[in-house]
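Since every read-out is calculated from the coordinates, none of them should be taken as a lab result. As the structure is a prediction and not an experimental result, all values here were calculated from the model. All Cβ positions, even for glycine, are placed from backbone atoms using ideal geometry, and neighbour counts span all protein chains on display.
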Amino acid sequence: MALWHNRRGNFSPLRAATLLMLVAPFLALIYFAIAGTLGPRPYTEAIHQMGLWGIRFLMLSLFITPMRGIARYAPLIDIRRMMGVGVFCYMIAHVALYIASEAFDIAKVGAEIVLRYYLTIGFNAWLGLAVLAATSNDTMIRELGGIRWRKLHRVVYPVSVLGMIHYFMQSKLEVYEPTVIAGIFTWLMVYRLLHWLYPRQGEFPLWVIAASWFAVGLLDFLLEAVAFWIAFDVPVIRILVTDFTFQTGIRPGWYVWGVGVLVTLVGAIRMRQAEGRLQLAASSPGRTPS
């Protein structure tokens, strides 16, 4: 079955758009490599780009469950497997390029993974993704059973944590985007924790969604300030003042809030649309809302 078809064999614009989104960064990397514009260390740049897009797509894959409920759009579930396999493909490229950069010396690569902590952590995350990718098919779901399969695929959460630790350590002092991604991942875990602590049939009210994003954004600001205090002995209050007066530009916490605003806005629009359909159905006897 073509990747852009749904389970009924029909063309799916959602799947086609997802596939295009997944392959675009890889095609762009090939173009820049051919054009010779990857900089003085092309292998290093390519390794970083594949890993970066891999973790970006990993976060997007984790967004599918929340957005299916908040946006009231059940078809999103149809692209979750595609997103997950796409993430692993980028991580395969990430590791393969690293092996190529070491002249395919597998013994040296193995030694580096053992001796460098950030590589050890990253490799363990890669192994976890490999297990998830290998079991992301209907055959394995039948073999494992639905309950065991779902429990196994919860490994994606510790794998994501390991991936972010690897990203932070590899980035050294350039931790701007890792901090943004860490804030977004924190909200994704808060969302799941809320649903676990307070199970319900429908979605939480939008004010709960907005409040959770607000709290996570504040936490992102605070933890970043504490990190700067530990690293550079700059008072936390001074850092927070510069964050909110934009003296050092737009800090990661603002991006976390920006994502929260977009998520809440999508939820509000979809809620109004759902209410409009219900009102239309109520005013049209014999008609049921779609």
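Once the Cα-Cα distance is subtracted from the 0.36 nm per residue extended length, the GLN247 to GLU143 segment shows a gain of 31.8 nm. Helices meeting the span-like rule in the chain (full DSSP H runs, Cα extent of at least 27 Å along the helix axis, mean Kyte-Doolittle score of -0.5 or higher): 13-35, 42-70, 80-101, 176-197, 206-232, 252-283. Full extension of the chain between TYR43 and THR120 gives 25.7 nm of extra length, using 0.36 nm per residue less the Cα-Cα distance. For the stretch 176-253, trypsin sites (Lys or Arg not before Pro) are listed when DSSP marks them as loop and at most 10 other Cβ atoms sit within 10 Å of their Cβ; the list is ARG200.
Once the Cβ-Cβ distance of ASP105 and LEU173 is raised to the sixth power relative to R0 = 35 Å, the FRET efficiency obtained is 0.75. Grab the Cα-Cα distance for LYS151 and ALA231, subtract it from 0.36 nm times how many residues apart they are, and report the gain in nm with one decimal. Result: 24.9 nm gained on full extension. Peptides 86-96, 10-20, 128-138, ordered by how many other C-beta atoms sit within 10 Å of their residues on average, highest first, read 86-96, 128-138, 10-20. Taking amide hydrogens as placed 1.01 Å from N in the peptide plane, the amide H of HIS5 sits under 5 Å from those of SER12, each at least 5 positions away in sequence or on another chain. A simple spin-label model places pseudo-atoms 7 Å from Cα toward Cβ; at LEU197 and VAL131 they are separated by 2.8 nm. Let me know the volume per residue of the alpha-carbon convex hull for the stretch 58-139, in Å³. In the stretch 58-139, the Cα convex hull volume per residue is 100 Å³.
Each peptide in 272-283, 250-261 was scored by the mean count of other Cβ atoms within 10 Å over its residues; highest first, the order is 250-261, 272-283.
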